[in-house]
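Q: Have a look at this one.
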Amino acid sequence: MRSLLTFLVLASALRADPIAGAWETFPSQANADGWSLYSDDDGIVAPPPWAGPEIDDNPYAYSFFLGGKGVWFFADELTAQGAFVGDYAAQKIAGIDVSVFIEPAEIDFIDIAVYADGPLGAGHYYSKIKLSEDLGELPGWYSLSFSFDDDWFSLQDGDATSFQPDQNFLTSIQEIGVRVFPVSGVTGDSFVGVDDFILVPSVDAPRLTTSLSGDDFVLEFTPNPGVSAAIEKLAPDFEWRSVAGQSDLTGSQTFVTPVGPGTALFRVAAEEKLTQVTSP
């Protein structure tokens, strides 16, 4: 009963929605412990090892290729207080970015796997793969991007079928992670590191609404989740400069300024705003 009560308390604290721009940097052992690692060698699921500051100034999660087999780092509703699962469509999440430390010559392929409601019902679905030739030649960190605008794939009886993620798929993501598979012959002494796992926000220009209220010019807009905006004004030297106090704007915005003589031109610039996540 105690374990059940503990789960209920944790579940009640989970977010209802993922965080667009959620950014996992593995700053602590607790963050690594919040993730799960599956090994094809033994089929065991456990938290991944953590390389802390005593190993690297930039901490990360990692795994050896146990038995020379593939490994799978994944997040679910208990990871980072639920920041990586839920309704991706409502939060306008465009894709996944992740950094991996690898020896490219040792890699067969890398992909992203999600558990969602897809063409075959609830189950695991997979992104396009990254092959060793898509990477580089030297061992090191590689930044990889996976978009929901690309085709994704279902697997049934070993056959892959492509599909385009739709609203139903994107609203139902319950688990997400990165899989790394080595080529044949790689030993358990080789490893892969994972860092900077990001839910990429859609950086679109917000829809602008303008009006006049008495002697004031009114500009209204709402940036996408995971996006910050800045209101800029065209200066006499024809350079765009931020309006004082109107940078790093998130959520619904209303900008009001007096209408004076002459002409003034304003624009709204948008950029990605990442949120580092934590695990208790």
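The values are calculated or read from the model by the stated rules, or taken from the named source; none is laboratory data. All values derive from a computational prediction rather than experimental measurement. Cβ atoms come from the backbone with ideal geometry, glycine included; neighbour counts cover every protein chain shown. Calculation scope for accessible area: heavy atoms of the full protein, side chains included, ligands and nucleic acids excluded. Shrake-Rupley method; radii C 1.70, N 1.55, O 1.52, S 1.80 Å.
Q: Would you mind calculating the relative contact order of the stretch 31-160 from Cα pairs under 8 angstrom and at least 6 residues apart, reporting the percent as a whole number?
A: Values: 198 pairs, mean separation 25.3, N = 130.
Once normalised by length, the contact order is 19 percent.
Q: Expressed as a rounded percentage, what relative contact order does the chain have, with Cα pairs under 8 Å and six or more residues apart?
A: Working: 671 pairs, mean separation 66.3, N = 280.
This gives 24 percent for the chain.
Q: Give me the one-decimal nm value for the distance between modelled label points at Y126 and V183, 7 Å along each residue's Cα-to-Cβ direction.
A: Here the modelled spin labels are 1.9 nm apart.
Q: Measure off 7 Å from each Cα along the Cα-to-Cβ vector at L265 and E133, then give the distance between these two points in nanometres to one decimal.
A: A separation of 4.7 nm, rounded to one decimal place.
Q: Report, in degrees rounded to the nearest 10, the 0 to 90 angle that the Cα long axis of helix 2-12 makes with the longest principal axis of the chain.
A: Orientation of helix 2-12: about 30 degrees from the principal axis.
Q: Carbon and sulfur together cover what percent of the accessible area of the chain at a 1.4 Å probe radius? Numbers along the way, then the final one.
A: Numbers: 7340 of 14350 Å².
After summing per-atom areas, the C and S share lands at 51 percent.
Q: Next question, about the same structure. Can you pull a Stokes-Einstein diffusion coefficient for the stretch 108-263 at 4 °C (1.567 mPa s), Rh from Kirkwood over Cα pairs, as a whole number of µm²/s? Intermediate values should be presented prior to the final figure.
A: Details: Rh = 20.1 Å.
So the translational diffusion coefficient is about 64 µm²/s.
Q: Now for a different question. With no solvent and one equal point scatterer per Cα, compute the Debye intensity ratio I(q)/I(0) for the chain at 0.08, 0.11 Å⁻¹ and report its log10, rounded to two decimals.
A: Debye output, listed in q order: -0.43, -0.73.
Q: Put a dot 7 Å past each Cα toward the Cβ at D17 and D42; how far apart are the dots in nm?
A: Here the answer is 4.1 nm between the modelled labels.
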